[in-house]
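Participant: Okay, handing you the structure first.
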Amino acid sequence: MQLWDFAALTYYRVLDRFSGTLNALAIQTLELRPGEAVLDIGCGTGALIPALVEAVGPQGRVVAMDFSSKMVAVARKRSRRWPNVEVRQADACATDHGAGQFDAATALGAFSAMPDVPGAIANAAEALKPGGRLFVFDVRLAGKTRTTRFLRAAYRKIAGFSGADVVDELRNVFEQVEPIFKVEGETTAVVMARKVTDMARDSARTPSRPAG
Ligand SMILES: C[S@@+](CC[C@H](N)C(=O)[O-])C[C@H]1O[C@@H](n2cnc3c(N)ncnc32)[C@H](O)[C@@H]1O
């Protein structure tokens, strides 16, 4: 977590100025409508918040959350002029965001930086209403090439990457997981996951028992 506190106070303020294209893709893909409630998981400095507010309008609701107190401080400062934005400091792996409260959610570069990816994804699914959609952009380092091996080791060291494949974990929980576009070498995932019903997710999480 110290890494992200450090990032919030240093390079992230510069980096988040370049997130416009990705943010626009998230908004466009989610097709957010005025009045909807949206959750931004691992929101960092809150670079996506202004676009989310614009998309859901004054009747909508934006909840952004992050574990790092420094990231949260920047995101809160950035969003203080909007009464319908709440920035929470919490661990996405262990937090109940509020069952069935959200029409949509985003996780940009967030899940792979978390120690319990299945837990964080299950919590995201829990927070969505039936029909809810989740836009995910993340690294995907499951490959066995020299480059992915190197990136995996570096990411493990720097950001505590657990080795979990975000797309596989999404498929374990969500009924529909569609690539928005294919990325060469598959080191990056840009996907939309949809929660169709509650039942499919519950059965995905229930450990299967041996027959008989
Ligand atoms: C690569 S940054 C992405 C930030 C932001 N989504 C963006 O696109 O600029 C990853 C973020 O995940 C947050 N994070 C890491 N582990 C977390 C956890 N367990 N719960 C909530 N946030 C976490 C970090 O603090 C950091 O802000």
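The values are calculated or read from the model by the stated rules, or taken from the named source; none is laboratory data. Note that this is a predicted model, so its numbers are computed, not measured. FYI the Cβ positions are ideal-geometry reconstructions off the backbone, even for glycines, and counts take in every protein chain you see. These accessible areas exclude ligands, DNA and RNA; they are computed on the full protein's heavy atoms, side chains included. Shrake-Rupley method; radii C 1.70, N 1.55, O 1.52, S 1.80 Å.
Participant: Do the conditions hold for Leu25, that is, is it touching a residue at least 40 places away in the same chain (Cβ under 8 Å) and assigned to a helix (DSSP H, G or I)?
Facilitator: yes
Participant: Further question on the same structure: Condition test on Phe67, is it open to solvent by less than 50 Å² (accessible area, probe 1.4 Å), of a type in the set (Phe, Trp, Tyr) and modelled with pLDDT of 95 or more?
Facilitator: no
Participant: Out of everything in the stretch 136-167 that is outside any helix (DSSP H, G or I), of a type in the set (Gly, Ala, Ser) and within 19 Å of the chain's Cα centre (by Cα), what residue ends up being modelled with the lowest pLDDT?
Facilitator: Of everything passing the filter in the stretch 136-167, Ala142 is modelled with the lowest pLDDT.
Participant: Considering only the stretch 166-185, state which residues are under 20 Å from Pro118 (Cα atoms) and in contact (Cβ under 8 Å) with a residue 40 or more places away in the chain.
Facilitator: Val166, Glu169, Leu170, Asn172, Val173, Phe174
Participant: For the stretch 88-107, check the following and say yes or no: at least one residue is within 15 Å of the ligand (Cβ to nearest atom), surrounded by fewer than 18 Cβ atoms within 10 Å (Cβ to Cβ) and more than 17 Å from Trp4 (Cβ to Cβ).
Facilitator: yes
Participant: Mind counting the residues in the stretch 34-63 that are touching a strand residue (DSSP E or B) at 6+ places or on another chain (Cβ under 8 Å) and outside any strand (DSSP E or B)?
Facilitator: Going through the stretch 34-63 one residue at a time, the tally reaches 12.
Participant: Considering only the stretch 47-73, state which residues are under 12 Å from Thr106 (Cβ atoms) and small (Gly, Ala, Ser).
Facilitator: Listed by number, the residues that qualify are Ala47, Ala51, Ala55, Ala64.
Participant: Among the residues of the stretch 122-135, are any closer than 18 Å to Leu25 by Cα, assigned to a loop (DSSP other than H, G, I, E, B) and within 13 Å of the ligand (Cβ to nearest atom)?
Facilitator: The answer is no, given that none of the residues of the stretch 122-135 is closer than 18 Å to Leu25 by Cα, assigned to a loop (DSSP other than H, G, I, E, B) and within 13 Å of the ligand (Cβ to nearest atom).
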